[in-house]
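Okay, so here's the structure we're looking at.
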Amino acid sequence: MEIMQQPVPLQVDAEGVVRVGGTRIPLETVVTAFEQGATAEEILQQYPSLALADVYAAISYYLRNKDEVGAYLRERRAQGLRVREEHEVRFSSQGIRERLLARRTSRP
């Protein structure tokens, strides 16, 4: 039997997001589910566009590269918080409830 190296099924897209197995599923989704106790099979049930081998490979990559993947995940979360804060400033929710209630009462 010949043992061949298989490429890790992770790709970085144009926005810098690491995706699993040629899908739109980000690595952070698989890692977060795994950290919360989900098995590879449970992750596959949740995201059927993934291949089981790719889920296992992504988990294996994470386990072998925890420091690097952890740093990447922290940066993604920090970036997500920055984007959320920017949106909250740009699109303030201040007064939404009042506007919605006023709209509802003004209908015939």
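Counting Lys and Arg as +1 and Asp and Glu as -1 over every other residue whose Cβ lies under 15 Å from the Cβ of PRO48, the net charge comes to -2. Averaging sequence separations of C-alpha pairs under 8 Å and six or more residues apart, then dividing by the length of the chain, give the relative contact order as a whole percent. Over the chain, the number comes to 18 percent. Placing +1 on the Cβ of every Lys and Arg and -1 on the Cβ of every Asp and Glu, with nothing else charged, gives the chain a dipole about its Cα centre of roughly 920 debye.
Helix-derived [θ] at 222 nm for the chain: sum -39500 (n - 2.57) over DSSP H runs of at least 4, divide by residue count, nearest 500? Don't skip to the answer; put the middle values down first.
On the way: 5 runs with 64 residues, N = 108.
It lands at -18500 deg cm²/dmol.
For Rg/Rh (Cα atoms, Kirkwood Rh), several values are listed as [x] 0.96; [y] 1.21; [z] 0.94; flag the one computed from this structure. Derived directly from the coordinates: [y]. Computed on the stretch 1-42, with alpha-carbon pairs under 8 angstrom and 6+ residues apart, the relative contact order is 21 percent. 3J(HN,Hα) along the stretch 6-19: 9, x, 5, x, 10, 10, 9, 7, 4, 8, x, 8, 7, 10 Hz, from the Karplus curve 6.51 cos²θ - 1.76 cosθ + 1.60 with θ = phi - 60°, whole Hz, x for Gly and Pro.
Taking Cα atoms only, the orientation of helix 52-64 departs from the longest principal axis of the chain by about 90 degrees.
Quick note: the coordinates plus some simple rules give every number you see, no bench work behind them. Here the structure is a predicted model, which means the values were calculated and not measured. Because the Cβ atoms are built from the backbone with ideal geometry, glycine has one as well, and the counts that use them run over all protein chains shown.
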